[in-house]
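The next block holds one structure in the form of structure tokens; read it before the comments.
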Amino acid sequence: MSKLIVLTDLHMTPEGVSIIGLDPLRRLEAAVAHINRRHPDAERVIVAGDLTHRGDAASYARVRGALARLAVPVSLMIGNHDDRTAFQAAFPEAARDEDGFVQEALTIGGYRLLLLDTVMDRGPAGALCPQRMAWLGRELDAAGDAPVAIVMHHPPHATGFAGMDAIALQNGEAFYAALEGRPNVRQIVAGHVHRTISGSHRGVPFCVFKSPVHQQPMDLDARDTSLSVDEPGAYGILLLGPHGVVVHTDDYELSQEPGTA
Ligand SMILES: [Fe+2]
């Protein structure tokens, strides 16, 4: 099986700026050290958007410095808290599609991994514009019968959090229409919500991972999406196998060396 690590919602801040008292740089540095120690065999780390909290150059520089210590190759995506121009200035080597969107198709463990750019020009919600939908269609066609996993910052459907559902992908209907008749799409992976969530939607399994930093309170009716809670930082671990995908999460902030039970 091929192993992938998914880090999402790093929300980096400039020096001296915390988020509900938490230090995003310290949380990210701990995640990088943990991944290097536990998962040096991973094929790739995917960072699924919201690299920064406010999209400023100083925060991108801190992300770049911390991720440079990763012992595993990394692919970067953007989220609604990112600034496309500032991101591309900080990471000029990051993948882009032919239209300039931060999208990438990778082959790992026999899977086609499609990393989508769901960021709109304005606002916290996500969408796939006609150009990006066309890219998705082309990549799905090119994948043929190979198993496909799709990673996208915004979940393409409701997850039950009233506030977050209002700012999910706005054209989920069109997205799922593109997946019709493609049973080789085995897994959708998202961020944005800052919680561990899994299930299936229209027959396609999905998972959402917590942030290394602040988390969404476990209150489904909350409408204020800025409400955040300090719970241990986490990242996802995907095992891609010939018969499907196994999804793990590790609350690495709590992780200790094992004892005998
Ligand atoms: Fe986020």
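Go through the stretch 221-237 residue by residue and turn each phi into a ³J(HN,Hα) via Karplus (6.51, -1.76, 1.60, θ = phi - 60°); whole Hz please, and just put x for glycine and proline.
So the Karplus estimates, Gly and Pro as x, are 8, 4, 9, 8, 6, 8, 5, 9, 9, 8, 10, x, x, 9, 9, x, 10 Hz.
How many nm is it between the label spots at Ala95 and Arg64, if each spot is 7 Å from the Cα in line with the beta carbon?
Each label point is offset 7 Å from its Cα along the Cβ direction, giving 2.1 nm.
Towards the positive end of the charge dipole of the chain, with charges on Cβ (+1 Lys, Arg; -1 Asp, Glu), say which of Gly21, Val245, Ser255 has the farthest Cα.
Of the listed residues, the answer is Val245.
Using only Cα atoms, what Kirkwood radius does the stretch 1-151 have, in angstroms?
Evaluated on the stretch 1-151, it is 16.1 Å.
So what is the 222 nm mean residue ellipticity for the chain from helices alone, if each DSSP H run of at least 4 adds -39500 (n - 2.57) and you divide by all residues, rounding to the nearest 500 deg cm²/dmol?
-6500 deg cm²/dmol
Report, as a whole number in µm² per second, the diffusion coefficient that Stokes-Einstein gives for the stretch 189-261 at 20 °C and 1.002 mPa s using the Kirkwood radius over alpha carbon pairs.
The diffusion coefficient I find is 154 µm²/s.
Once you sort the root eigenvalues of the Cα gyration tensor of the chain as a ≥ b ≥ c, which label holds: rounded (a/c under 1.5), prolate (a/b larger than b/c) or oblate (the other case)?
Rounded, since a/c falls under 1.5.
To the nearest 20 Debye, how big is the dipole of the stretch 2-254 about its Cα centre, given +1 on the beta carbon of each Lys and Arg and -1 on that of each Asp and Glu?
Taking the Cα centre of the stretch 2-254 as origin, the dipole is about 400 debye.
Sort out for me the Cα centre separation of the stretch 77-123 from the stretch 10-75, rounded to whole Å.
Spelled out, the Cα-based centre of one part sits 16 Å from the other.
Where does each of Glu253, Glu104 land when they are ranked from fewest to most other beta-carbon atoms within 10 angstrom?
Glu253, Glu104
About its Cα centre, what dipole magnitude does the stretch 1-125 give when the only charges are +1 on Lys and Arg Cβ and -1 on Asp and Glu Cβ, stated in debye to the nearest 20?
Its charge dipole is roughly 500 debye.
Rule-based calculations on the coordinates, nothing more; no lab input. Keep in mind it's a predicted model, so treat the numbers as computed, not measured. Heads up, the Cβs are rebuilt from the backbone with ideal geometry, glycines too, and the neighbour counts pull from every protein chain shown.
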